[in-house]
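One structure below.
The values are calculated or read from the model by the stated rules, or taken from the named source; none is laboratory data. What you see is a predicted model; the values in this text were computed from it and never measured. Using ideal geometry, Cβ is built from the backbone for each residue, glycine included, and neighbour counts are taken over all protein chains shown. Note: accessible area is taken over every heavy atom of the protein model, side chains too, but ligands, DNA and RNA are not part of it. Shrake-Rupley method; radii C 1.70, N 1.55, O 1.52, S 1.80 Å.
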Number of protein chains: 2
Amino acid sequence: MSRPTVVLGGTGPEGFGLALRWARAGETVIIGSRDAKRAQDAAQKIKERVGPRANVSGEENSAACVASDLLVLTIPFEGHANLLKQLKPAIRAGSILIDATVPLAASVGGRASRTLGVWQGSAAQQAAELVPKGVSVVAAFQNTSAEVLNGDEPVECDVIVCSDDPHASQAAAELAAKIPGVRAIDGGKLENARILEHITALLIGMNLRHKGHSGIRITGLPSAAYRQA
Amino acid sequence: MSRPTVVLGGTGPEGFGLALRWARAGETVIIGSRDAKRAQDAAQKIKERVGPRANVSGEENSAACVASDLLVLTIPFEGHANLLKQLKPAIRAGSILIDATVPLAASVGGRASRTLGVWQGSAAQQAAELVPKGVSVVAAFQNTSAEVLNGDEPVECDVIVCSDDPHASQAAAELAAKIPGVRAIDGGKLENARILEHITALLIGMNLRHKGHSGIRITGLPSAAYRQA
């Protein structure tokens, strides 16, 4: 059996959509939330959509961290640093934290089509500074539309994974490739997370301007560069 | 007859590739270079590839600016500000300047997979500060691979155009859509140029890592959002 995937903030639209897709792919998923009851309700909703055999449960965020070493963080930027500080004692040594957070200016009352400058370079690099030593951070899943993830169609979006730990990049790429339509691509070191985060702001602006649920594809790489189901 | 398209720095790989594609599409193209002779040689090379009826000529950069009000700037970032200062008296009132420049760290001896921070926000916004009053700047063509443009296959890349002047965005989108394979998409205001410039650094990193000539596609928008040939 594969290790559980913990989706921290998994009651929000992006996290719920990812949890839904992974549950459908047969993964064991633990939804984390500030409120254990809300997490369990979200898990129940996923079971209703995927079927009773779906391996999905809900826990308070800290309890969820204790249950696995594969964590996906999907929360609004305004809660990012505080949640990571709070979870620090709960995150297991050797864990992989996949950060999908985007520092949208909406976090401070600005536009969702602009990002804030983060001193470390990106939200994911902020995460890397806040996790316990020996935990590897990967930036990924910033650009997959929550609306599309919550639907039933293939997700027409490539997931670029950036990390300083190739083993962690690979774990994130494997998770990404479980979602129909998604192709995972190695995007290099964690410092490139800033570019993935900026792309989200561009896509949100396009969604507002053109009324769509946009994603990106990378063209022109040899087939070995793409990992897909 | 359509107005000529001036490609400033058109002897470099990106500018030459764009000039080649536009000449093939039947556009009148003027290649600009510091050296009129090099510009004329490049024009001759394009004629050899496209055929003797290709409407392409070469001029020194300032002379090229005088000849049209539709300018495309494709030079390494290290020469960007100086060239624009030099061209200021030559650029005609009401011109459109399409800036494809990316502030790669390679300009100062760093990596081509990283960008420099530009005080104005992006190279294109630096250009907007340096052109004469009443000249509209559009950011576009940062992400089209020079290698692919210089070939004969369709260019599998969307061109995102960003400008504060919708009329200028439209002119750039029309030019983009003349290149087989390219779709033009409105990416909003000029301030978003920074995102397009960052994407280039990401694509260059992928090209180095995966040995390819990458580009991007935007998925999930209604068909009216895409302009293509």
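Of the residues in the stretch A:22-38, how many are farther than 17 Å from A:GLY79 by Cα, of a type outside the set (Lys, Arg) and not in a strand (DSSP E or B)?
Within the stretch A:22-38, residues that are farther than 17 Å from A:GLY79 by Cα, of a type outside the set (Lys, Arg) and not in a strand (DSSP E or B) number 7.
Residues that are at the interface with chain B (Cβ under 10 Å from one of its Cβ atoms) and open to solvent by 10 Å² or more (accessible area, probe 1.4 Å): list the strands (runs of 3 or more DSSP E) wholly contained in the stretch A:143-229 that include at least 1 such residues.
Here the list reads A:183-186, A:215-219.
Inspect the stretch A:137-145 for any residue being free of Cβ contacts under 8 Å to residues at least 60 places away in the same chain, in contact with a Ser or Thr (Cβ under 7 Å, 6 or more places away or on another chain) and within 16 Å of A:GLY215 (Cα to Cα) and give the result as yes or no.
Among the residues of the stretch A:137-145, at least one is free of Cβ contacts under 8 Å to residues at least 60 places away in the same chain, in contact with a Ser or Thr (Cβ under 7 Å, 6 or more places away or on another chain) and within 16 Å of A:GLY215 (Cα to Cα), which makes the answer yes.
Report every pair of residues separated by at least 6 positions or lying on different chains whose Cβ atoms are under 6 Å apart, first residue within the stretch A:193-211 and within 13 Å of A:GLY117 (Cα to Cα), second β-branched (Val, Ile, Thr) and in a helix (DSSP H, G or I).
If the second residue must be β-branched (Val, Ile, Thr) and in a helix (DSSP H, G or I), the pairs left are A:HIS198/B:ILE195.
Would it be correct to say that A:LYS189 is touching an Asp or Glu at 6+ places or on another chain (Cβ under 8 Å) and touching a residue at least 60 places away in the same chain (Cβ under 8 Å)?
Taking the combined requirement at face value, the residue does not satisfy it.
Which residue, of A:ALA19, A:ALA64, is outside any loop (DSSP other than H, G, I, E, B), of a type in the set (Gly, Ala, Ser), within 22 Å of A:ALA123 (Cβ to Cβ) and touching a residue at least 40 places away in the same chain (Cβ under 8 Å)?
Result of the check over A:ALA19, A:ALA64: A:ALA64.
Starting from the stretch B:152-170, keep only residues that are under 13 Å from B:ALA100 (Cβ atoms), then list their pairs with residues that are surrounded by 24 or more Cβ atoms within 10 Å (Cβ to Cβ) and aromatic (Phe, Trp, Tyr) whose Cβ atoms are within a distance under 8 Å, requiring at least 6 positions of separation or different chains.
Cβ pairs passing all conditions: B:VAL159/B:PHE141.
Any residue at all in the stretch A:44-59 that is assigned to a strand (DSSP E or B) and under 23 Å from A:ALA229 (Cα atoms)?
Checked against the condition, which is being assigned to a strand (DSSP E or B) and under 23 Å from A:ALA229 (Cα atoms), the stretch A:44-59 yields at least one hit.
Could you check how many residues of the stretch A:74-133 are hydrophobic (A, V, I, L, M, F, W, C), open to solvent by less than 40 Å² (accessible area, probe 1.4 Å) and not in a helix (DSSP H, G or I)?
Selection size over the stretch A:74-133: 12.
Quick grid of which residues meet (1) touching an Asp or Glu at 6+ places or on another chain (Cβ under 6 Å); (2) of a type in the set (A, V, I, L, M, F, W, C):
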{"residue": "A:ALA127", "(1), (2)": "yes, yes"}
{"residue": "A:LEU149", "(1), (2)": "no, yes"}
{"residue": "A:LEU203", "(1), (2)": "no, yes"}
{"residue": "A:HIS210", "(1), (2)": "no, no"}
{"residue": "A:ALA225", "(1), (2)": "no, yes"}
